[in-house]
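Novice: First the structure, which I've put down as structure tokens, then a few questions once you've had a look.
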Amino acid sequence: MTGTEPTMTDKWTIDVSLQHEPYRVRAEALLRLEDGGEFVGVGIAEAGLRNGSASQIGSYLAVTRALSDLTAELLETVASDVARSVEVDGVLTTQSTN
């Protein structure tokens with residue numbers, strides 16, 4: 001490669017939303033793919049009533065869990081896609097799901 005070859009760029013976006021309740025925080029991480037596909041991860045953590053470091057830690061933990069759940073969703077999809085694909089004589093083909 002000379003560094004002059006064209007590159008292809010995809011843009012995927014992750015939106016994280018937090019719902020604060022008196023004793024817990026719920027985070028949702030939504031991954032939007034350029035082709036319109038979406039994946040969602042959810043995380044929940046306990047949180048204190050007061051504002052401050054305890055509630056901030058709860059938010060961080062909920063977001064971390066949501067991103068971890070999102071990762072698991074992606075890995076499950078990849079594993080499923082790989083399981084449906086078969087290499088025959090060096091050519092990758094996709095098996096029918098019917």
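Novice: Assess whether Asp35 counts as being out of contact with any helix residue (DSSP H, G or I) (no Cβ under 6 Å at 6 or more places or on another chain), modelled with pLDDT of 80 or more and of a type in the set (D, E, K, R).
Specialist: For Asp35, the condition - out of contact with any helix residue (DSSP H, G or I) (no Cβ under 6 Å at 6 or more places or on another chain), modelled with pLDDT of 80 or more and of a type in the set (D, E, K, R) - is met.
Novice: Give all pairs with beta carbons closer than 9 Å in which a residue from region 10-23 that is closer than 15 Å to Ala47 by Cβ meets a residue that is surrounded by 10 or more Cβ atoms within 10 Å (Cβ to Cβ) and of a type in the set (S, T, N, Q); count only pairs at least 6 apart in sequence or on separate chains.
Specialist: Filtered contacts from region 10-23: Leu18/Ser59; His20/Ser55; His20/Ser59.
Novice: Here's a follow-up. Considering only residues that are open to solvent by less than 70 Å² (accessible area, probe 1.4 Å) and either of a type in the set (A, V, I, L, M) or more than 22 Å from Leu31 (Cα to Cα) (or both), which ones fall in region 68-82?
Specialist: If the condition is that a residue be open to solvent by less than 70 Å² (accessible area, probe 1.4 Å) and either of a type in the set (A, V, I, L, M) or more than 22 Å from Leu31 (Cα to Cα) (or both), then Leu70, Ala72, Leu74, Ala79 are the ones that fit.
The values are calculated or read from the model by the stated rules, or taken from the named source; none is laboratory data. Here the structure is a predicted model, which means the values were calculated and not measured. Glycine gets a Cβ as well: all are built from the backbone with ideal geometry, and neighbour counts include every protein chain shown. When the accessible area is computed, the model is the full protein with side chains, heavy atoms only, and any ligands, DNA or RNA have been set aside. Shrake-Rupley method; radii C 1.70, N 1.55, O 1.52, S 1.80 Å.
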